Amino acid sequence: MKTEIKIIGADIVSRNLENVKQNIDKQLPVSVKDATLFMQNEVKASIAGQRNEETSVDTGRFLNSVDVGTLSKNEAKVFTDLEYAKFLEYGTSKLSPRKHFQNSVFRNKDKIKDEFNNSIKQIIK
């Protein structure tokens, strides 16, 4: 007894999956950029005292130093190159930590994850 199985439409499914992959590959850098700019604004709002952390604005130098950078096609960072920023973030023996970067990430990680998921869901539809 010989059994034969025919798969009909596999080539169409394969092409559709490849199109979805290509569209996700196009959208991912855009989503990374959007998330990075959002986080930059959140860190700045934290520094300015618009979130739970203590205000860290005296001259505005720290606030204006928060920048974004691209690490790779799908990876970016929010950072400052000010030497004293680490003392504000982590504290010293005389200064309590303000954790503008850490707390901003913690507060927004689910929102960013949801935005990425929604953007992929839109492509898959």
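Observations
- Note that the chain presents 74 Å² accessible area per residue, ligands and nucleic acids not counted, probe 1.4 Å.
- Nearest 10 degrees, 0 to 90: helix 100-124 Cα axis against the chain principal axis: 20
- Translational diffusion coefficient (Stokes-Einstein; Kirkwood radius from C-alpha pairs) of the chain at 37 °C, 0.692 mPa s, in µm²/s: 188
- Computed magnitude of the charge dipole of the stretch 73-125 (debye, nearest 20; Cβ of K, R +1, Cβ of D, E -1): 200
- Taking GluC sites (Glu not before Pro) in DSSP loop states with no more than 16 other Cβ atoms inside 10 Å as exposed sites, the chain has its longest site-free stretch at 5-53.
- Whole-Hz Karplus values for the stretch 46-58 come out as 5, 4, 6, x, 8, 10, 6, 6, 5, 4, 10, 10, 10 Hz, taken residue by residue from phi with 6.51 cos²θ - 1.76 cosθ + 1.60 and θ = phi - 60°; glycine and proline positions read x.
- Sequence-distant contacts, meaning Cα pairs under 8 Å at least 6 residues apart, place the relative contact order of the chain at 23 percent.
- For the stretch 81-121, the number of Lys pairs separated by eight or more positions or lying on different chains, with C-alpha atoms closer than 28 Å, is 11.
- With both labels modelled 7 Å from their Cα along Cα-to-Cβ, the Ile123 to Glu54 distance reads 4.4 nm.
- Across all directions, the shadow cast by the convex hull of the stretch 36-103 built on its C-alpha atoms averages 4.6 square nanometres.
- Carbon/sulfur fraction of accessible area - the stretch 1-124, other protein chains in place, 1.4 Å, %: 52
The values are calculated or read from the model by the stated rules, or taken from the named source; none is laboratory data. Note that the structure is predicted; figures quoted are calculated from it, not measured. Here the Cβ is made from the backbone with ideal geometry for all residues, glycine too, and neighbour counts use every protein chain on show. The protein model used for the area step is the full one, side chains on, heavy atoms only, and it has no ligands, DNA or RNA in it. Shrake-Rupley method; radii C 1.70, N 1.55, O 1.52, S 1.80 Å.
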